[in-house]
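What follows is a single structure, written as structure tokens, with notes after it.
The values are calculated or read from the model by the stated rules, or taken from the named source; none is laboratory data. Every value quoted in this text rests on a predicted model; they were computed, and no experiment measured them. Neighbour counts are summed over all protein chains in view; Cβ atoms, including those assigned to glycine, are modelled from backbone coordinates with ideal geometry. Heads up: the accessible areas ignore ligands, DNA and RNA and are worked out on the full protein's heavy atoms, side chains in. Shrake-Rupley method; radii C 1.70, N 1.55, O 1.52, S 1.80 Å.
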Amino acid sequence: MAIDLQILFDGFFIDPKITHSRLSVFAKDAIFNMIHNNPGGIYDDSIDSTQAAIDNLDSIMSSKTGDKGSRKGETSARNIARRNIEIYCANRIGWARTLFGGKKDARFIATFPKLTRAFYNVPAPKFEDNIEALIGKAHLYSSVLGTDFETDLTTLFNAYSNADASQGTFNTAVRTDIVNEKMAADVLSDQLSDNALLIARNNRKSQTAAKLYFNVDLLYPHTKKEIHKGKPAAHSETEVCPIKYSEGKSVHIYNTGACRLSFGMKLNGIKVGETTTLEHGEKSSQKFDFYFTNGTSIYVENDTDIDGMYQLNIVP
């Protein structure tokens, strides 16, 4: 099978099974790991860009939830206009930082001194002051940022200032939220792909960096219960299943055969910790940490002269 290099260009997080909420959780975990594994501050810009993208997506998802619950209530055109400004500004922070040459550039700091905190979750008067100040900076640095930035901000702010409260359904707002959420998720997905490529470049040949920085389990729904059945041959030792270790998980084992069976845990192929031995008809329920403090698989041992039979369930 040929290597599909196209994924490097498309991005790594385009699976339809990845919901926007799980993407946000994954991203928050990833930047936590980057903050605590950031030699020489090499990931500072990526951390800031990722946080801005997360804030943007979370805000839109929250707005969509509110709009869905208020379809039959009142809405304010002024609130919608404010949200449009918030989204626009959040999406321009990374863009402006690049044009200014980095987050430490004095012009960038003057333009976005509080990053997204200047727009989200601040009182209306403060929000308005911050936007007016941003428009002033957009004009001052138009030679770097271009004139469209000032024009767009002014248009959005005028719409906000002139908006009147209105009565009606939230159908239009929800449709807008859905489109905006998809765009924000794409921005975050692209940023995470950039992060992965940067981390890979700085950790060539590493066997641990991928798991250190990224917990891909957070991207997908967890199976409620794993069920494994087997018939271990006489005088054999076989693997039941690989595991993703978590001390809180429970292992329920049922010896459904006619002979004695023993179960234990391995860490990278080496037996560790405690074992459970069950006779015909017996069952056991233990937490993962009963067996050991870490592990990569569960094994079964049949030291009798006949074949055995079991069912093993793993419950989160």
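Quick notes on this structure:
- Checking Asn121 against (1) crowded, with 16+ Cβ neighbours inside 10 Å; (2) over 16 Å from Asn84 (Cβ atoms), the condition it does not meet: (1)
- Considering segment 274-316, the qualifying strands (runs of 3 or more DSSP E), each wholly inside and each with 1 or more residues that are at pLDDT 90 or above and buried (at least 16 other Cβ atoms within 10 Å of the Cβ), run over 297-302, 310-315.
- Flag if Lys182 is out of contact with any Gly (no Cβ under 6 Å at 6 or more places or on another chain) and either part of a helix (DSSP H, G or I) or open to solvent by less than 80 Å² (accessible area, probe 1.4 Å) (or both): yes
- Per the conditions (1) closer than 28 Å to Ile42 by Cβ; (2) free of Cβ contacts under 8 Å to residues at least 40 places away in the same chain; (3) open to solvent by less than 80 Å² (accessible area, probe 1.4 Å), the sole criterion not satisfied by Ile135 is (1).
- Boolean, Arg82 is modelled with pLDDT of 90 or more and either buried (at least 17 other Cβ atoms within 10 Å of the Cβ) or part of a helix (DSSP H, G or I) (or both): no
- Considering segment 138-160, and only residues there that are free of Cβ contacts under 8 Å to residues at least 60 places away in the same chain and among the aliphatic types (A, V, I, L, M), the residue that is nearest to Cys89 (Cα to Cα) turns out to be Ala138.
- Of the set (1) surrounded by 15 or more Cβ atoms within 10 Å (Cβ to Cβ); (2) assigned to a strand (DSSP E or B), all apply to Cys259 but (2).
- Taking the criterion of being hydrophobic (A, V, I, L, M, F, W, C), in contact (Cβ under 8 Å) with a residue 40 or more places away in the chain and open to solvent by less than 70 Å² (accessible area, probe 1.4 Å), the residues of segment 32-55 that qualify are Met34, Ala52, Ala53, Ile54.
- Scan of segment 101-118 for residues that are part of a loop (DSSP other than H, G, I, E, B) and open to solvent by 10 Å² or more (accessible area, probe 1.4 Å), ordered by number: Gly101, Gly102, Lys103, Lys104, Asp105, Pro113, Lys114
- Qualifying residue in segment 1-8 (condition: more than 24 Å from Glu86 (Cβ to Cβ) and surrounded by 15 or more Cβ atoms within 10 Å (Cβ to Cβ)): no
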